[in-house]
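Heads up, the thing below is written out as structure tokens.
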Amino acid sequence: MNRRSILLTAAALGAALATPMGHAQDGPIRLVVPYAPGGPIDVTARALAERVRDSLGVVVVDNKAGAGGNIGADLVAKSAPDGLTIGIAATATHAVNPWLYSRMPYDAAKDFAGITQMVRVPNVLVVNAARAEQLKIRTVQDLIAYARANPGKLNYGSGGNGSAGHLAGEMFKQKAGIYALHIPYRGASPAQLALLAGEVDFNIDNLAAAAPNIKAGKLKALAVTSLAASPMLPGVPPLSDTFKGFSIDTWWGLVAPAGTPKPVIARLNKAFTDALKAPETKTRFEALMAEPVPTSPEQFDTFMAAERAKYQSVVKASGAKVD
């Protein structure tokens, strides 16, 4: 081999090694979803996995449910930081569970590197439509006024102690200065059925789950819990209009194990944010009442840290604990 050939070979090898995720060709990327198949998180993860195939190659979605999402999140935390295993970070796994569980298998603040936030889904304060008509509750102010005039008569349901609906309800009670008995159910679906049956007076539910019954007139939406009004529920004000700064959305995004090289994170970020910005993605996510929220890795890390700080006080105030 002459000197020119040696130099060209060395240059090619250097370029290959310098290319972010050049090693990714060793196999597909594993995207761990810490929840069961079929839910909104799983559906959106699979939609993005399809859209990044041209830029990243095959992305295999691997559902690892259990322990409120902790099992799947821990699997990602303990994986090699090579860009071949990434996972979903959600409100529960990276903001609520660190304060809800007495013992955590991972450190949400230190064991992950953000890639991008994926979506934001507003929660919505809903009342049983027939009950609202009976009690003349048409606005948030009406609900608060009734609770103050009738102490101890209101209750609300949620998908369980420490669930998003429970914590949002406790935050609402705290801000409004009212009392309503919390009734936990075994999941969000039973809680919604209880509201439809009139067993509870109000819920703070995920908009994607509540929307069909709002449209059918069975539930009355009083407010969304996002900082601003949601275009997916026109005419319904945000709770921040009543309580400045009130914001408690459902969100999820993508993370890699801590220590994943920045060029690898950058390549993953570009592929997934490009997918999130595609008009087809927005249309598909709208059916789930989910808004795509592409961010930089740094923005997502900062956002998750702020959410952890917010939920620390919310969980403490709720008294919820999982031993």
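Suppose we filter the stretch 181-206 for residues that are modelled with pLDDT under 90 and farther than 15 Å from L167 by Cα; how many remain?
Number of matching residues: 2.
From the list A287, A309, which one is aliphatic (A, V, I, L, M), closer than 19 Å to D249 by Cβ and modelled with pLDDT under 90?
That would be A287, the only listed residue that is aliphatic (A, V, I, L, M), closer than 19 Å to D249 by Cβ and modelled with pLDDT under 90.
Out of the residues in the stretch 42-69 that are among the small types (G, A, S) and in contact with a Leu (Cβ under 8 Å, 6 or more places away or on another chain), state the one that is surrounded by the most Cβ atoms within 10 Å (Cβ to Cβ).
A45
Looking at the stretch 233-292, which of its residues are at positive phi and under 18 Å from the mean Cα position of the chain (by Cα)?
Selection gives M289 alone.
So G39 clears everything in (1) open to solvent by 40 Å² or more (accessible area, probe 1.4 Å); (2) at pLDDT below 95 except one condition, right? Which one?
(1)
With respect to D201, determine if the residue is closer than 22 Å to A290 by Cβ, touching a residue at least 12 places away in the same chain (Cβ under 8 Å) and acidic (D, E).
No: the conditions fail for D201.
Conditions tested, residue by residue: (1) open to solvent by 70 Å² or more (accessible area, probe 1.4 Å); (2) at pLDDT below 90; (3) under 14 Å from L195 (Cβ atoms).
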site: A208; (1), (2), (3): no, yes, no
site: I214; (1), (2), (3): no, no, yes
site: L222; (1), (2), (3): no, no, yes
site: T225; (1), (2), (3): no, no, no
site: A228; (1), (2), (3): no, no, no
site: P231; (1), (2), (3): yes, yes, no
site: P237; (1), (2), (3): no, no, no
site: D241; (1), (2), (3): yes, no, no
site: K244; (1), (2), (3): yes, no, no
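May I ask you to list pairs of residues, at least six apart or on different chains, whose Cβ atoms are under 8 Å apart, with the first in the stretch 216-233 being among the charged types (D, E, K, R) and the second being surrounded by fewer than 17 Cβ atoms within 10 Å (Cβ to Cβ) and assigned to a loop (DSSP other than H, G, I, E, B)?
That search, which allows pairs on different chains as well, returns K220/R138.
In this structure, does L288 turn out to be touching a residue at least 40 places away in the same chain (Cβ under 8 Å), surrounded by 15 or more Cβ atoms within 10 Å (Cβ to Cβ) and part of a helix (DSSP H, G or I)?
The answer is no for L288.
Pick out the one residue from I248, I265 that is assigned to a loop (DSSP other than H, G, I, E, B), touching a residue at least 24 places away in the same chain (Cβ under 8 Å) and β-branched (V, I, T).
I248
Tally up the residues in the stretch 24-47 that are closer than 21 Å to A77 by Cβ, of a type outside the set (V, I, T), touching a residue at least 40 places away in the same chain (Cβ under 8 Å) and part of a helix (DSSP H, G or I), please.
Qualifying residue count, the stretch 24-47: 2.
What is the residue count in the stretch 250-268 for residues that are farther than 20 Å from A109 by Cβ and either among the charged types (D, E, K, R) or surrounded by 22 or more Cβ atoms within 10 Å (Cβ to Cβ) (or both)?
Within the stretch 250-268, residues that are farther than 20 Å from A109 by Cβ and either among the charged types (D, E, K, R) or surrounded by 22 or more Cβ atoms within 10 Å (Cβ to Cβ) (or both) number 4.
Which of the residues spanning the stretch 130-168 are aromatic (F, W, Y) and touching a residue at least 24 places away in the same chain (Cβ under 8 Å)?
Y156
The values are calculated or read from the model by the stated rules, or taken from the named source; none is laboratory data. The structure presented is a predicted model; accordingly, all values stated were derived computationally and were not measured. We place every Cβ from the backbone using ideal geometry, glycine too, and count neighbours over all the protein chains shown. Surface accessibility is based on the protein's heavy atoms, side chains included, excluding ligands, DNA and RNA. Shrake-Rupley method; radii C 1.70, N 1.55, O 1.52, S 1.80 Å.
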